Structure formats: structure tokens, C-alpha cells
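Participant: First, the structure itself, so that you have it in front of you.
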Amino acid sequence: RSYWPRGMGLGGTLNLNCMFWQRSSPHDYDRWAKLSGSDEWRFDNILRNFKNIEDYHGQYYNEKWHSHDGNGIYVSTVGHDNLVDEFLEAGREMGYPTKDVNGNQEPSFSRLDVSIKEGRRFGAYPGFLKPVLDRTNLFIYRYAHVNKIHLEKKTNRAYGITYKRHGVERFVRARREIIISAGAIDSPKLLMLSGIGPKQHLESLGIECQINLPVGKNLMDHIMIIFGPFIVDTPGKTNVPGRDITLNTVADYFTNRRGIMASAIAANAAYIHSPFSKESGNFRNKSPDIQLLLVPANPNLPETFEEYASLKPGLIRRYMKGLEEKDSFMINVMLGKHSTRGEIKLASTDPLESPIMDPKYLSHPDDIRRVVDGMNFTVKMVENTEAFRRIGTRLINRHFPGCEKYELKTIVIMNVTRGI
């Protein structure tokens, strides 16, 4: 089972995400405009909204791409310098420029921009909601759970909702419109509970289908491979728990709002086209399909990693044995474009029961090829570029527990083995 947290609080998932501030590619928005037949989705039209929601104080300020008028979410550049120079130099060695990935997003390497202000997370609540709490036409009901959207029988127009708060169920009528903003999981769940969704699925649960639509289908989640660790021979290049995170680190954070604890866990990002994407043709008119995130820290937090990745207790401790105090880092290989499609289904008619979430990770062979391409690229970058070789980096030379029967640095896909 995967760990799928949801931002069920004022400000949504910006209360618990990794604080990376990254837009999608202009190619994606222009493609959506073409598919929908609406120019409103064109990136040139969407850009003003991106600028309106940010108060940019990062490394790449440019009036064309960013705004810093004091309103919106505060955006800065990641604070620590661990492996920043090496990563960006390695990218240039491999033919990738250093540039703003939130501008005209192209294959490139960059230091990360983050939603952090003065060492603290800065999300949608302080950016948008807190400044207007005193408005007389704004009512916020915490601890309220919406159970159903009501539709008119003849027109299917939504006219109200039923919600439950502190054990009391209430109905609210809408004067103008109802905006659903419950995320990729609870939005389709609410729609299906309200009779909007696949007819066969709804009727199997005894829910009258008022609008037969493929709600819950086409679920896309960007799977991420936590790849490494990569060992570093030069001391002090990465963060090692116990050596670099001490009581002084904590004191520095709470006193001065600086140091390791005042920044995001990752420092750099890269966007690339996988060889598979290039083989597909016309890749220059497509957005990059692989994202790399460099995490300059020794992963010597076995219980945390095991809980986060739903691994059996003891696996990470065995994998990292003898390397607990060694400088090392991870590179997360993220599948940005994928062919796999999952789905959300109702488990029951109980509004408080979690839905059935099936992402169908890597069920399409093209996605496996893309991930393997991303891992191949990562190993070549870390082990072959002069930038990383100067500090003595290499992929750990041992098997992950349970994979001992396979040769190191080989990929086994559908009974076909090939080397990295």
C-alpha cells in the first residue's frame, strides 16, 4: 500500500507538501487548450494567474515570468548550498543549461525555488486566506465534512450541499455557484456520492446515477523512485544526521530561522527528455517527461524511510549498514509524463469512508522504460561527469535486501536483462 496524505486543513496540501515551487510546461497548457477547444487554457493566458498567486523573491526574477508585488505565496530560493555547484556543472557537462524551470520550461537544470519565508513554510493560508479573514461575506467552517451535492432533477443544476459538523447535518443552498476544491481524491468521491459518475459503479452501491460520467477514471499520479544512495568521498558535501543535525542546528533555527531546518530537503531539480521520449519523435515540441530531484542528505533515518515508502521494518537499516556516518545523497527520479491511468472508486455510500484508490503504478510498459531511462541518466551523470568525479561520487555497490539474485547495475524487465 502507498502512503497518500491529503491536505485536509486551511490551505490544503501546501500545509504538508515538500514546498517545491514548480509550474508545468507551457506545452502542456497549449495541448489542453487544443483538446478543449478553449484558448483560455493557453499558457500565455494562464501565465498571468501564475504571476498573480506568487510573491517572488527567488533567483530568477524576470517581469515576464514572475511577480513580487507583496501579495500571494512567498517564493524564495532554497537556502543551503550542498552539491548545488556540482549538480549544475554536471548538467552543463551533459549539455543542459542552468535556467528558470518556471519560465519557458525546457530541458534544463536549476536550483530549486521554494514556498518558504524566513525559514518557515508559506502556503495558501498565509498567502490568501489569513489576509481576508475579517471579510463580512466570508464564513469558514472548520471540522465540517461535505457529504453530498444536490442537483435539480430536470436540469441537473447544482443548487446546494449537505454537510456534517460536530455531529449535526445541515443543508446550505447556493445562490450562484458551488466550487469543488477537494483535491484529486475527495473531489471525485464527492461527485460520485452525489450521483455524478459511472452509472454501473454507482448503481452497484445503490446510488441513483443522475449524470453518467467517467468520474474517477484517468487518475494520474507522478511516481517517484528514491534512487541511491550515492557515496561521496569528500567530507562535508552533504548532510549527515548526527554530524550535521545537532542541538546547535535546532537552536540556530529557532533563534535565527536559518540553517538546514530552514530549508527544503531537496536543493536542485532537472528536467530532461528520456531516450524513450526522443525515440517517439518530435520531442522538442513536448514537455520533458523525467524530473530529477537531488536530496543532499544521508538517508540514515531508517524508520522514517520505511514508514514513508511502506517498506518492511529493518530493510533500510540493513541496506545502509556501515554507511551511517558517510557523506552520501539521493536522487529522486520522477515520472513526469506517463501512460498508466488509475482510478478512484467508492468503497461504500458512507461519506466518511476512504475511497478505493488504485493508481496502477507502472502497469504500462512505456512507463517502466521512462523510469529506467531516468535512472540510467542519473548514474551516468553522477559517475561520469567531472563535476561529480572530483568529489568521488558513485552509486552504492550493494544489493537492496531481496534483490541479491540479480546482477548489480542491470535492469530486468519482462524477462529481459540489460545493463545500466
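The values are calculated or read from the model by the stated rules, or taken from the named source; none is laboratory data. These numbers come from a predicted model, not from an experiment. Backbone-built Cβ (ideal geometry, glycine too); neighbour counts: all protein chains shown. Keep in mind that these areas ignore ligands, DNA and RNA; they rest on the heavy atoms of the full protein, side chains included. Shrake-Rupley method; radii C 1.70, N 1.55, O 1.52, S 1.80 Å.
Participant: Once phi is turned into θ = phi - 60°, what whole-Hz ³J(HN,Hα) does the Karplus curve with 6.51, -1.76 and 1.60 give for every residue of the stretch 341-346, x standing for Gly and Pro?
Facilitator: In residue order, the calculated couplings are 10, x, 7, 10, 10, 6 Hz.
Participant: Tell me which of 160, 196, 207 sits at the most positive position along the dipole axis of the stretch 141-212, charges placed on C-beta atoms (Lys, Arg +1; Asp, Glu -1).
Facilitator: It is 160, whose Cα lies furthest towards the positive end.
Participant: Of the GluC sites (Glu not before Pro) in the stretch 1-71, which ones lie in a loop per DSSP and count no more than 15 other C-beta atoms within 10 Å? Spell out each step's value before the answer.
Facilitator: Values: sites: 40, 54, 63; in loops: 63.
Here the GluC sites (Glu not before Pro) that fit, given the DSSP loop and packing criteria, are 63.
Participant: Using the Karplus curve 6.51 cos²θ - 1.76 cosθ + 1.60 with θ = phi - 60°, what ³J(HN,Hα) values do you get for each residue of the stretch 60-73, in whole Hz, with x for Gly and Pro?
Facilitator: With coefficients 6.51, -1.76 and 1.60, one gets 10, 4, 7, 4, 5, 9, 9, 9, 9, 9, x, 10, x, 7 Hz.
Participant: Per residue, how large is the accessible surface of the stretch 141-212? Use a 1.4 angstrom probe and give square angstrom. Show your work: numbers first, answer last.
Facilitator: Details: 4870 Å² over 72 residues.
With all protein chains present, the stretch 141-212 gives 68 Å² per residue.
Participant: Could you give the accessible area per residue of the stretch 259-367, probe 1.4 Å, as a whole number in Å²? Present the calculation step by step, with values, prior to reporting the outcome.
Facilitator: On the way: 5040 Å² over 109 residues.
Ligands and nucleic acids excluded, the result is 46 Å² per residue.
Participant: What are the equivalent ellipsoid semi-axes of the stretch 141-212, built from the alpha-carbon gyration tensor (square roots of five times its eigenvalues), in whole angstrom, biggest first? Mind showing how you got there, number by number?
Facilitator: Numbers: eigenvalues 82, 45, 27 Å².
Each semi-axis is √(5λ); the values are 20, 15, 12 Å.
Participant: Additional query: Using alpha carbons only, how many degrees (0 to 90, rounded to 10) separate the axis of helix 26-36 from the longest principal axis of the chain?
Facilitator: Taking the Cα atoms of the chain, the angle to 26-36 is about 30 degrees.
Participant: Of the options 262, 8, 245, report the single residue whose Cα projects farthest towards the positive end of the charge dipole of the chain (beta-carbon charges: Lys, Arg +1; Asp, Glu -1).
Facilitator: Ranked along the dipole, the leading option is 8.
Participant: Quick one: pull the percentage of alpha-carbon pairs in the stretch 2-76 with a separation above 16 Å. Working shown, then result.
Facilitator: On the way: 1693 of 2775 pairs.
That tail contains 61 percent of the Cα-Cα pairs.
Participant: Can you pull the percent of the chain's accessible area that's carbon plus sulfur, 1.4 Å probe, other chains left in place?
Facilitator: Numbers: 11810 of 23570 Å².
That share works out to 50 percent.
Participant: Note down the nm distance, to one decimal, between modelled labels 7 Å out along Cα→Cβ at residue 15 and at residue 390.
Facilitator: Using points 7 Å along Cα→Cβ, the separation is 4.5 nm.
Participant: Nothing charged except the Cβ atoms of Lys and Arg (+1) and of Asp and Glu (-1): what's the magnitude of the dipole of the chain about its Cα centre? Round to the nearest 20 debye. Walk me through the numbers before you get to the answer.
Facilitator: On the way: 57 positive and 48 negative charges, 208 e Å.
Dipole of the chain, to the nearest 20 debye: 1000 debye.
Participant: Rounded to the nearest 0.05, what FRET efficiency do residue 118 and residue 1 give with R0 = 30 Å and r taken as the Cβ-Cβ distance? Could you check?
Facilitator: 0.20
Participant: Hey, which of these cross-link pairs are over 30 Å Cα-Cα: 99/312; 237/337; 154/337; 64/286; 321/345; 130/164?
Facilitator: Details: 99/312 40 Å; 237/337 32 Å; 154/337 40 Å; 64/286 22 Å; 321/345 42 Å; 130/164 24 Å.
The pairs that break the limit, which is 30 Å between Cα atoms, are 99/312; 237/337; 154/337; 321/345.
Participant: Could you give the nm distance between label points at residue 154 and residue 93, where each point is 7 Å from its Cα heading toward the beta carbon?
Facilitator: Here the answer is 7.3 nm between the modelled labels.
Participant: Over the stretch 28-122, give the accessible area per residue in Å² for a 1.4 Å probe, as an integer.
Facilitator: On the way: 4900 Å² over 95 residues.
Accessible area per residue: 52 Å².
Participant: Something else now. Provide, for q = 0.10 Å⁻¹, the log10 of I(q)/I(0) from a solvent-free Debye sum over equal Cα point scatterers in the stretch 318-420.
Facilitator: Those come out to -0.46, one per q.
Participant: Expected output is a single nm value to one decimal: the length gained when fully extending between residue 245 and residue 39, i.e. 0.36 nm times separation in residues minus the C-alpha distance. What is it?
Facilitator: Details: separation 206, 0.36 × 206 = 74.16 nm, distance 4.99 nm.
Between residue 245 and residue 39, full extension yields an extra 69.2 nm.
Participant: Let me ask another. Roughly what % of Cα-Cα distances in the stretch 4-47 sit above 17 Å, to the whole percent?
Facilitator: In whole percent, the long-distance tail amounts to 51.
Participant: Can you give the helix-only mean residue ellipticity at 222 nm for the chain, where every DSSP H stretch with n ≥ 4 adds -39500 (n - 2.57) and the sum goes over all residues, rounded to the nearest 500 deg cm²/dmol? Walk me through the numbers on the way to the answer.
Facilitator: Values: 11 runs with 99 residues, N = 420.
Result for the chain, helices only: -6500 deg cm²/dmol.
Participant: Please list 3J(HN,Hα) in residue order for the stretch 363-373, calculated via the Karplus relation 6.51 cos²θ - 1.76 cosθ + 1.60 where θ = phi - 60°; whole Hz, with x for glycine and proline.
Facilitator: So the Karplus estimates, Gly and Pro as x, are 7, 9, x, 4, 5, 5, 4, 5, 4, 4, 4 Hz.
Participant: While we're on this one: What do the square roots of 5 times the Cα gyration tensor eigenvalues come to for the chain, in whole Å, largest first, as semi-axes of the equivalent ellipsoid?
Facilitator: For the chain, the ellipsoid semi-axes come out as 39, 27, 24 Å.
Participant: While we're here: Scan the chain and report its longest stretch carrying no chymotrypsin sites (Phe, Trp or Tyr not before Pro) that are both in a DSSP loop and have at most 10 other Cβ atoms within 10 Å.
Facilitator: Details: sites that count: 3, 139, 143.
Longest site-free region, per DSSP loop and neighbour criteria: 144-420.
Participant: So, with +1 on the Cβ of K and R and -1 on the Cβ of D and E, and no other charges, what is the size of the charge dipole of the stretch 141-212 about its Cα centre, to the nearest 20 debye?
Facilitator: Values: 13 positive and 6 negative charges, 71 e Å.
For the stretch 141-212, the charge dipole is close to 340 debye.
Participant: Looking at 295, 59, 184, which one has the Cα that reaches farthest to the positive end of the dipole of the chain (charges on Cβ: Lys, Arg +1; Asp, Glu -1)?
Facilitator: Projecting each Cα onto the dipole axis, the largest value belongs to 184.
Participant: Using 0.36 nm per residue of separation minus the Cα-Cα distance, give me the extension gain between residue 358 and residue 380 in nm, one decimal.
Facilitator: Working: separation 22, 0.36 × 22 = 7.92 nm, distance 3.34 nm.
The span from residue 358 to residue 380 would gain 4.6 nm if fully extended.
Participant: For 352, 346, 213, 205, give me the order by solvent-accessible area with a 1.4 Å probe, most accessible first, ignoring ligands, DNA and RNA. Write down the numbers at each step before the final one.
Facilitator: On the way: 352 125, 346 10, 213 80, 205 55 Å².
Accessible-area ranking of 352, 346, 213, 205, largest first: 352, 213, 205, 346.
Participant: Pull out a ≥ b ≥ c, the square roots of the eigenvalues of the alpha-carbon gyration tensor of the stretch 247-325, then state rounded if a/c is under 1.5, prolate if not and a/b is larger than b/c, and oblate in the remaining case. Mind dumping the intermediate values first?
Facilitator: Values: a/c = 3.46, a/b = 1.57, b/c = 2.21.
Cα axes put the stretch 247-325 in the oblate bin.
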